[in-house]
């Protein structure tokens, strides 16, 4: 009688050896532990429009619960294409150039996997969202980090130009920008177009906060610059726009040859996206008012939060877009950013995210990020605590 096999879990060589628990999870857990107001993670604490929920219920009741087409429900793709034509002036074919995704994070990973081969270089502008670098590593690409200008967080085109080589497969940009809340101008995008002219370098334009641009500024999409649109994956998020981040539904616009390669990966890493929610979003998009009115909605929250911060010892930086606010805490503490965020959560009862978390290896500037996508009473409670610092 042979001996029973040993119980042994083989040692796994990690594909992402540097990745651990994210700062967002750490700070949210700490906030819960200390009963702090959580302004760290970027999601609303208020409900979406009940009309949107009614559309979901109706779609489910109508039996729209099986697989939709792989690239997305046709009506939703048509509505997305119509919005892009109206706001960015770019005509995308709904059948071949619009793909519905399981959120923007999946969209970006899919675009990277579809385009980046081992050894290819990808330029990212730091500080940047934390999924970009692991996506590039999973594709076997080489991350080329170019810092945004400290203080203003404007793109430094001389440094971007110096980073471009014949191996550069992809550049990733984000506007409105998380975490700095800055916005790229048309001149910025046109300058990038000149830098990429004559190359085979592609672009991912992460525009998930496209409808959160303030003070009368327009959102400039890379789709509106023809020389960039021809080489770009434009990424956006229904979750951000309609206050339903947990639904994880987004979309990608790209020229047909790029979309074809994107869909090859998409069909095998997610295949398709939640059917009744796609139908609900398509019906809801018949009225453009919710996204057209979103800048005013969030600007009021930004201004309310800003007025309260002016009565604290924190110095707010200017927020052009997104639902984030950076503050300089140097008048309060000399602690490093991560330590300050832990202290702020424990002692002041407000959770924030250190700016250094958005840089490889950290970069200390005495800045933390706060989220104002919260109910007015949540913001008031946080401000009362921050004003006591």
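Bear in mind that the values in this text are calculations on the coordinates, not laboratory data. Since we're looking at a predicted model, the values are computed, not measured. Heads up, the Cβs are rebuilt from the backbone with ideal geometry, glycines too, and the neighbour counts pull from every protein chain shown.
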Compute the convex hull volume of the Cα atoms of the range 24-116, divide it by the residue count, and report the result per residue in Å³ as a whole number. 190 Å³
Which of 120, 200, 339 has the fewest Cβ neighbours within 10 Å, and the rest in rising order: 200, 339, 120
Report, largest value first, the span of the C-alpha coordinates of the range 76-179 along each principal axis, in whole Å. 39, 33, 25
Helix-only [θ]222 nm of the chain, DSSP H runs n ≥ 4, -39500 (n - 2.57) each, per residue, nearest 500: -11000 deg cm²/dmol
If neighbour count is taken as other Cβ atoms inside 10 Å, put 64, 203 in order from fewest to most. 64, 203
To the nearest 0.05, the calculated FRET efficiency linking residue 19 and residue 191 through their beta-carbon distance, R0 being 30 Å, is 0.35
If I stretch the segment between residue 268 and residue 62 completely, what's the gain in nm (0.36 nm per residue apart, minus their alpha carbon distance), one decimal? 71.4 nm
To one decimal place, what orientation-averaged projected area in nm² is obtained for the convex hull of the Cα set of the chain? 23.2 nm²
Extension gain, residue 230 back to residue 93 (0.36 nm per residue minus Cα-Cα distance, nm): 48.0 nm
Test of understanding: what is the full-extension gain from residue 75 to residue 131, defined as 0.36 nm times their sequence separation minus their Cα-Cα distance? 17.2 nm
Per residue Cα convex hull volume in Å³ - calculated over the range 307-364: 98 Å³
Using a 10 Å cut-off around each Cβ, can you sort 189, 297 from fewest to most neighbouring Cβ atoms? 297, 189
Counting only Cα, what are the radius of gyration and maximum Cα-Cα distance Dmax of the range 167-242, in Å? 12.4, 39
Separation between Cα centres of the range 113-132 and the range 44-72, rounded to whole Å: 33 Å
Prolate/oblate/rounded label for the range 102-235 (Cα gyration tensor, a/c 1.5): rounded
Calculate how large, on average over all directions, the projected area of the Cα convex hull of the range 243-388 is; give the answer in nm² to one decimal. 12.0 nm²
